[in-house]
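Peer 1: Have a look at the structure that comes next, please.
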Amino acid sequence: MTRPVSRILEALRVATGVQAKRNGCGWSARCPAHDDHSPSLSVAEGDDGRALVKCFAGCATQAIVAALGLTMVDLMPDRDEHRATARRRNSAASPIYSTLDDAIESAGRKIGERADVWRYHDADGADVMAVARFSIAGGGKEFRPFHTSAGGWVCGDPPGKLPLYGLRTLGDTARVYVLEGEKCVDAARSIGLVATTSAHGAKSAKKSDWTPLAGREVIIQPDHDDAGERYAREVASVCLALTPPATVKIVRLPGLPNGGDIVDYLESRDSTTAEDIAIYVNSLADDTPPTRASVKDGADASPNVRRCAVVTVGDVAPEPVHWLWPTRIAMGKVTLLVGDPGLGKSFVTLDVTARLTTGRDWPDMIGIGGPEPSDVVILSAEDDVADTIRPRLDKHEANVDRVHVIQSVMLSGDYADEGAPTERWLRLDEDITLVEDVVAEKR
């Protein structure tokens with residue numbers, strides 16, 4: 001019976017004409033879902049026998065599988081294969097190396113040049129695991145975990161929850177900073193902050209043991225991107241559920257570039273002393289209110305609660321759906337226009353805008369009547385108002401006096417960096433109330 005990982009490797013060979021290369025604990029290959037000149041696809045076998053695929057250029061797993069002529073089901077083992085995988089793993093353990101350097105050197109011969117190594121310890125300072133970064137051809141990078149076993153080191157994560165980075169340095173410090181990645185933690189330490197992170201990046205926070213932060217003040221500093229914000233929310237959720245719960249604050253460093261982090265922040269202030277930067281960063285934390293979980297009415301009055309809100313259907317009175325565009329766009333609901341590039345999502349959006357601002361009939365209801373003329377608020381992350389949105393709306397014969405585009409968020413006073421007025425891109429998770437204000441104003 002064919003293992004899922006073997007099925008994927010064979011499909012990659014057929015699709016790309018090149019055999020995937022063994023790469024530490026897995027394989028690397030050219031991604032079939034985009035024009036890949038430098039291998040950016042990682043393939044590995046999960047503990048349960050499933051095939052794990054990841055494109056570091058950002059291609060979705062579904063797109064990769066489809067490009068191979070397979071389906072998502074092909075990534076999964078059947079029950080018999082699952083059992084066989086477990087037997088193989090139990091009978092064929094990874095090689096044990098006498099030192100961490102030996103293990104990294106062995107992996108490096110298949111991956112690339114060793115660049116950085118971060119060691120993880122238990123609370124007593126004993127080695128538990130390490131994460132190594134390798135530089136690969138074409139300027140890319142790959143990470144590999146190693147852990148102690150039988151007096152040596154093996155490739156892979158240790159069993160159970162992973163330790164926090166720098167655990168032995170936390171001591172009994174009341175305030176601990178949480179950042180994304182070991183490099184950022186090292187940067188925070190360089191200015192005197194007590195800091196930690198979880199292993200394996202923004203998507204793996206729940207794989208680590210956060211209990212050492214119970215009862216402390218946890219200051220989360222997210223990277224300036226969507227992944228950083230998701231990581232901050234996930235860490236906050238975990239820390240608020242600890243016993244006793246942590247006091248959590250999410251503090252964003254001002255003036256970061258897109259994708260920036262504390263490393264960029266320090267580099268842009270190389271003429272400022274570490275002590276002064278630490279004082280300023282701590283003052284940001286002092287001035288930020290704690291993040292609090294929502295509490296259901298009548299529930300435990302503790303400000304830090306995490307539970308499901310449940311409703312019994314018999315207690316809910318049925319209500320009719322009110323339609324903006326009958327059977328297509330409901331009032332007070334979220335409507336998604338989803339499709340590949342070039343299929344007309346923007347066209348439909350602006351056509352709907354034109355009909356809303358003029359009251360013209362809906363395209364499938366000609367002669368029946370259109371919506372009541374109203375204003376429209378647009379939030380666009382890619383199209384320019386002058387050279388794209390306005391010309392398209394004119395083509396649709398929209399009433400452009402009733403169309404309003406949110407372009408940025410203006411900051412001044414206490415909201416601005418060092419008090420100087422500035423502007424930045426809108427962040428939905430942080431600025432949604434500002435969007436609501438605009439909608440209420442334009443009604």
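The values are calculated or read from the model by the stated rules, or taken from the named source; none is laboratory data. Worth saying up front: this structure is predicted, and the values here are computed from it rather than measured. Every residue, glycine among them, receives a Cβ derived from its backbone with ideal geometry; neighbour counts consider all protein chains shown. Please note that ligands, DNA and RNA were not included when accessible areas were found on the heavy atoms of the full protein model with its side chains. Shrake-Rupley method; radii C 1.70, N 1.55, O 1.52, S 1.80 Å.
Peer 1: Which residue, of Asp36, Asp47, is surrounded by fewer than 16 Cβ atoms within 10 Å (Cβ to Cβ) and not aromatic (Phe, Trp, Tyr)?
Peer 2: Asp47
Peer 1: Another question, if that's okay. Taking the condition of being assigned to a strand (DSSP E or B), at pLDDT below 90 and more than 22 Å from Ser28 (Cα to Cα), how many residues in the range 134-154 meet it?
Peer 2: Here the count works out to 1.
Peer 1: Are any of the residues in the range 262-279 under 22 Å from Glu234 (Cβ atoms) and open to solvent by 30 Å² or more (accessible area, probe 1.4 Å)?
Peer 2: Looking for residues that are under 22 Å from Glu234 (Cβ atoms) and open to solvent by 30 Å² or more (accessible area, probe 1.4 Å), one finds none in the range 262-279, hence no.
Peer 1: Okay, next question. Inside the range 156-211, can you point out the residues that are among the aromatic types (Phe, Trp, Tyr) and outside any loop (DSSP other than H, G, I, E, B)?
Peer 2: Tyr177 - this is the single residue of the range 156-211 that is among the aromatic types (Phe, Trp, Tyr) and outside any loop (DSSP other than H, G, I, E, B).
Peer 1: Of all residues in the range 86-125 being small (Gly, Ala, Ser) and under 23 Å from Asp47 (Cβ atoms), which is modelled with the lowest pLDDT?
Peer 2: Ranking the qualifying residues of the range 86-125, first place goes to Ser91.
Peer 1: Any residue that is of a type in the set (Ser, Thr, Tyr) and at pLDDT 95 or above - is there at least one of those in the range 155-167?
Peer 2: Within the range 155-167 (the criterion being of a type in the set (Ser, Thr, Tyr) and at pLDDT 95 or above), the answer is yes, since at least one residue qualifies.
Peer 1: Name the one entry in Asp375, Asp394, Asp361, Asp383 that is touching a helix residue (DSSP H, G or I) at 6+ places or on another chain (Cβ under 8 Å), open to solvent by less than 60 Å² (accessible area, probe 1.4 Å) and free of Cβ contacts under 8 Å to residues at least 24 places away in the same chain.
Peer 2: After applying the criteria, what remains is Asp361.
Peer 1: Of everything in the range 168-193, what is in contact (Cβ under 8 Å) with a residue 40 or more places away in the chain and open to solvent by less than 30 Å² (accessible area, probe 1.4 Å)? Give them in sequence order.
Peer 2: Leu170, Val176, Tyr177, Val178, Leu179, Gly181, Glu182, Cys184, Ala187, Ala188, Ile191, Leu193
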